[in-house]
Amino acid sequence: MKILVDLPERSVALSVPRKTYCDDAVRITAHVFSNRAEVYHEAGKAAHELTLVAKRRDADEAALEALGGEFLNELLNQEYRFIVGRFNRKISNLIAAQALFSARGGEKPPRPAPDSPELQAETVRLMREADAEIRRVMPKKIKPQGSPIAPEVHAR
């Protein structure tokens, strides 16, 4: 992979093989670098053609070359994350399923405890209080509100 620097344009051109780096890794890496550079991507059949335009106006040739190298390092990190994720997917799914199965109580989960008479009485009392509060604060008759007013259109 060759890093081509264009100092007057503050840009770095990169070409990375599509066999090695997936589109998602390129997209995520571009997002990671969005505060440091504008990233332009053109997907060819064999390679991702990338152009990074630095946001810093005082970037010299060494800084632009470093920006390209850091972009390639982050691209490698993102691709590696995808590979590790695919590699560990089966075991991750198995662990998650086992955790959910255990949280449920295994093969024979316990029956929920029946509501106690105290809980039932408290529920009835709270429902009556809520009903009384609603009757107290709700208006008996709602006044007509008139026709709706059309929103104002602001010309820019």
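Read-outs: derived from the displayed coordinates by stated rules, not from any lab. This is a predicted model, so every value here is computed, not measured. Note that we place each Cβ from the backbone using ideal geometry, even for glycine, and neighbour counts take in every protein chain shown.
Give the shape of segment 1-96 as rounded, prolate or oblate, defined through the alpha-carbon gyration tensor: a ≥ b ≥ c are the square roots of its eigenvalues, a/c under 1.5 means rounded, and otherwise the shape is prolate if a/b is larger than b/c and oblate if not. It is prolate, given that a/c is not under 1.5 and a/b is the larger ratio. Between Arg86 and Ala63, what FRET efficiency comes out of the Förster formula 1/(1 + (r/R0)^6) with R0 = 41 Å and r the beta carbon distance, rounded to 0.05? Calculated value: 0.70.
Between helix 23-32 and the chain there is an angle of about 80 degrees, using the helix long axis and the longest principal axis of the Cα atoms. Here Lys141 is the anchor, and the aspartates and glutamates within straight C-alpha reach of less than 19 Å, apart from those fewer than 8 places off in the same chain, are Asp131, Glu133. Convex hull over the alpha-carbon atoms of segment 53-133: what's its volume per residue in Å³? Once divided by residue count, the hull of segment 53-133 is 236 Å³. Note that segment 6-15 has calculated 3J(HN,Hα) couplings of 10, 5, x, 8, 6, 10, 10, 10, 10, 10 Hz, one per residue in order, obtained from phi through the Karplus relation 6.51 cos²θ - 1.76 cosθ + 1.60 (θ = phi - 60°); glycine and proline are x. To the nearest ten degrees, helix 117-137 and the longest principal axis of the Cα atoms of the chain are 90 degrees apart.
Could you sort the peptides 125-131, 48-54, 72-78, 102-108 by per-residue average Cβ neighbour count (10 Å cutoff), highest mean leading?
Values: 125-131: 10.0, 48-54: 18.9, 72-78: 16.9, 102-108: 8.3.
For the peptides 125-131, 48-54, 72-78, 102-108, the packing ranking is 48-54, 72-78, 125-131, 102-108.
Once the Cα atoms are used to define both axes, helix 61-104 deviates from the longest principal axis of the chain by about 30 degrees.
Relative contact order of the chain: 20 percent, from C-alpha pairs under 8 Å at least 6 residues apart in sequence.
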